[in-house]
Amino acid sequence: ENDLTRLEHPIDLLIERDGDREALWWGGRWITRKELDRVARENQGKLSQAGFGRGHRLVTLMPNCPAFLALALAVWRLEGTLVPLNHRSGSEVLLPTLDLVDPFTVVYGEADVKTGDLVASYPSSVVDQDGVLQEVKGAQGSEVTDPDFAVIFATSGTTGLPKAVPLTHGNLMDNVDRCWEFLGFSQEDRILWVLPNFHSFGLTLGGLMGLVRGARQIVVPLFMPPAATLEAIHSGGATVLLLVPAMVEFMKRAIQHGAPKPETVRMVVTGGDRLNLELDSAAVEFLGVPILEGYGTTECSPVVAVNRCYDSRKLGTIGEILPGYSWEVRDDSGRAVGPGEDGILWVKGPSVFGGYYKAPEISSEKLVDRWYDTGDVVRYDEEGYITVLDRVSDLIIVGGFNVYPQEVERVLNRHPAVAQAAVVATDHPVQGQIGRAFVVLKEGTSATSREMISFCKGKLAHYKIPRVFDFVDSLPMSPSGKILRRELRGRD
Ligand code: ATP
């Protein structure tokens, strides 16, 4: 049932049935499905002529835009695989990923000279302003891989080098349908697509869900500057915002500086990172509604759990597991534990991937009998609401006791002088490990390690309090706005 390549893609069905309806808000006007289809057909013809076909991979290095979607459609109609990568990632991440996926061609925008230089040693093609491919240069004799793969994503690389995650059309469409039903979206919705196309959250929910299920999408190429995103929300009349938490903070600041405050939004969903509860209040004030927090991973296409509506949400949790998944929370010995106990979340279901690309060893570590080890330590309550405690790889073990950095950071973030804090493990001769905090202070404030430690006393168990404090100007962040703890762990 995971094989949509031999059927018509659901987007094709909608183009036929409802092609003249407004679909994408782009550059101040609505584009219909038929208009998108026209560009897709032209690109399909050019790709096919150049020898691109079943089981080939096409890399895109593009911001969000209708042209990106037109390429995706062309690739899928030819039974190829789309590999959307970050056009801003430097050569160190990009080139090994390109070597791994061995693309037929790499596509970028004609004005993007920088990217052109970066990928000069690969066969590449440019799209013009209208999204039409110019001359296609392809690697003849390019390897053929599984034509069921709709996309291959590179994971964020928060915990190590990015891994390549292939997802089938069945994986993606399953997640689209489940989220659409569970969160109660409608064809009247106008969904903001600002999350990057090279992340599953951005592509599956932002880029595809509306097209597949018949809602409109407000297309924003890049989140920065946030004022432009707010402008698009305003002019396109967005009703649903899909964001990562960091974006809410940036929007708040932009609104404080005069960007338009959204007035049409009925739902805000965040995922990808822990939601800071202060942001929830900020959202009510600045976006008009509170936040529904969800959780996902690239490997699950991506949504695994979410708070489905405001009436039933539990703040501080990631909500309930989506229907269709089997799930267990397992302790160190692999035994499934009950409510209130800590363990690692394992999931199984139709939107879970089938293994990393060309990496059988780590695939068999993370996927056992099709059960996926998320690597996230969680706890659930009697009603099945899940709290993410931390990533198992970020745990700090102090004298045999587990310390979850996120718990410590929540306390540090409450200190009036703290703008941002991250806690990592550092070696200690007696305790094995202790917590080391990296703290960014708010402008015009000061603090000492001693003050920080006394602030934590009474709020955290003694062994959880960091013993080393580094006051820094900023924290290293991934392109998706996550703190890169592994980089902090490596500092002297
Ligand atoms: P890599 O696998 O390369 O280290 P990554 O894990 O950051 O990168 P993603 O698939 O983008 O790659 O992120 C999934 C992870 O993000 C989850 O496993 C979880 O740790 C974290 N995450 C997602 N949503 C939430 C949330 N609401 N609260 C806390 N953590 C979250």
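Grab the strands (runs of 3 or more DSSP E) fully contained in region 361-425, keeping just those with 2 or more residues being within 15 Å of the ligand (Cβ to nearest atom) and within 22 Å of the chain's Cα centre (by Cα). Quick ask: steps written out before the conclusion?
Details: elements: 371-380, 386-391, 396-398, 401-403.
In region 361-425, 371-380, 386-391 are the strands (runs of 3 or more DSSP E) which contain 2 or more residues that are within 15 Å of the ligand (Cβ to nearest atom) and within 22 Å of the chain's Cα centre (by Cα).
Residues being in contact with a Gly (Cβ under 8 Å, 6 or more places away or on another chain), assigned to a loop (DSSP other than H, G, I, E, B) and open to solvent by 30 Å² or more (accessible area, probe 1.4 Å): count how many of those fall in region 466-492. It would help to see each step written out before you state the result.
Let us first name the residues in region 466-492 that are in contact with a Gly (Cβ under 8 Å, 6 or more places away or on another chain), namely 466-468, 478, 480-482, 486.
Checking which are assigned to a loop (DSSP other than H, G, I, E, B) leaves us with 466-467, 478, 480-482.
Checking which are open to solvent by 30 Å² or more (accessible area, probe 1.4 Å) leaves us with 467, 482.
Of the residues in that region, 2 qualify.
If the Cβ limit is 7 Å and pairs must be 6+ apart or interchain, which residue in region 428-457 that is in the same structural domain as ALA417 (by TED's automatic domain parsing) pairs with which residue that is in a strand (DSSP E or B) and among the hydroxyl-bearing types (Ser, Thr, Tyr)?
Correct list of pairs: GLN433/THR426; ILE434/THR426; ARG436/THR426.
Among the numbered criteria (1) surrounded by 15 or more Cβ atoms within 10 Å (Cβ to Cβ); (2) modelled with pLDDT of 95 or more, which one does TYR463 miss?
(2)
Confirm whether ARG88 is in contact with a Gly (Cβ under 7 Å, 6 or more places away or on another chain), of a type in the set (D, E, K, R) and within 26 Å of ALA120 (Cβ to Cβ).
On the way: in contact with a Gly (Cβ under 7 Å, 6 or more places away or on another chain): no; of a type in the set (D, E, K, R): yes; within 26 Å of ALA120 (Cβ to Cβ): yes.
No.
Any idea which of TRP193, TRP180 is more than 30 Å from GLU487 (Cβ to Cβ) and in contact with a helix residue (DSSP H, G or I) (Cβ under 7 Å, 6 or more places away or on another chain)?
On the way: TRP193 fails: more than 30 Å from GLU487 (Cβ to Cβ).
None of the other options fit; the residue is TRP180.
Checking GLU383 against (1) exposed (fewer than 14 other Cβ atoms within 10 Å of the Cβ); (2) at pLDDT below 95; (3) of a type outside the set (Ser, Thr, Tyr), which test does it fail?
Against the list (1) exposed (fewer than 14 other Cβ atoms within 10 Å of the Cβ); (2) at pLDDT below 95; (3) of a type outside the set (Ser, Thr, Tyr), GLU383 comes up short only on (2).
One residue is enough: does region 333-349 have a residue meeting the conditions within 14 Å of the ligand (Cβ to nearest atom), of a type in the set (S, T, N, Q) and either part of a loop (DSSP other than H, G, I, E, B) or surrounded by 14 or more Cβ atoms within 10 Å (Cβ to Cβ) (or both)?
As a first pass, look at region 333-349 and keep what is within 14 Å of the ligand (Cβ to nearest atom): 344-347.
Next, from what is left, pick out any that are of a type in the set (S, T, N, Q): none.
Checked region 333-349: no residue is within 14 Å of the ligand (Cβ to nearest atom), of a type in the set (S, T, N, Q) and either part of a loop (DSSP other than H, G, I, E, B) or surrounded by 14 or more Cβ atoms within 10 Å (Cβ to Cβ) (or both).
Hey, among the residues in region 299-323 that are in a strand (DSSP E or B), open to solvent by 10 Å² or more (accessible area, probe 1.4 Å) and of a type in the set (Val, Ile, Thr), which one's nearest to ARG379 (Cα to Cα)? So that I can check it myself, show each step before the final result.
Initially, region 299-323 is screened for residues in a strand (DSSP E or B), giving 303-306, 320-321.
Narrowing the set further to residues that are open to solvent by 10 Å² or more (accessible area, probe 1.4 Å) leaves 303, 320-321.
If we keep only those that are of a type in the set (Val, Ile, Thr) too, we end up with 303, 321.
On the way: VAL303: 18, ILE321: 13 Å.
If we take residues in region 299-323 being in a strand (DSSP E or B), open to solvent by 10 Å² or more (accessible area, probe 1.4 Å) and of a type in the set (Val, Ile, Thr), then ILE321 is nearest to ARG379 (Cα to Cα).
Test of understanding: among SER91, SER121, which residue is free of Cβ contacts under 8 Å to residues at least 12 places away in the same chain and of a type in the set (Ser, Thr, Tyr)?
Working: SER91 fails: free of Cβ contacts under 8 Å to residues at least 12 places away in the same chain.
The match here is SER121.
Looking at VAL388, VAL403, which is the one that is surrounded by 15 or more Cβ atoms within 10 Å (Cβ to Cβ), touching an Asp or Glu at 6+ places or on another chain (Cβ under 8 Å) and either within 27 Å of GLU328 (Cβ to Cβ) or modelled with pLDDT of 95 or more (or both)? Walk me through how you get there before you give the answer.
On the way: VAL403 fails: touching an Asp or Glu at 6+ places or on another chain (Cβ under 8 Å).
So the residue among VAL388, VAL403 that is surrounded by 15 or more Cβ atoms within 10 Å (Cβ to Cβ), touching an Asp or Glu at 6+ places or on another chain (Cβ under 8 Å) and either within 27 Å of GLU328 (Cβ to Cβ) or modelled with pLDDT of 95 or more (or both) is VAL388.
List every residue pair whose Cβ atoms sit under 9 Å apart, with the two residues 6 or more apart in sequence or on different chains, where the first one lies in region 271-288 and is within 20 Å of VAL388 (Cα to Cα) and near the ligand (Cβ under 6 Å from one of its atoms) and the second, anywhere, is open to solvent by less than 60 Å² (accessible area, probe 1.4 Å) and of a type in the set (Lys, Arg).
Going by the 9 Å Cβ cut-off, the qualifying pairs are GLY272/LYS482; ASP273/LYS482.
Go through region 62-86 and give me each residue that's under 22 Å from the mean Cα position of the chain (by Cα) and either open to solvent by 30 Å² or more (accessible area, probe 1.4 Å) or not assigned by TED's automatic domain parsing to the domain that holds ALA50 (or both).
PRO63
The values are calculated or read from the model by the stated rules, or taken from the named source; none is laboratory data. Not measured: the values here are computed from a predicted model. Note that we place each Cβ from the backbone using ideal geometry, even for glycine, and neighbour counts take in every protein chain shown. Surface accessibility is based on the protein's heavy atoms, side chains included, excluding ligands, DNA and RNA. Shrake-Rupley method; radii C 1.70, N 1.55, O 1.52, S 1.80 Å.
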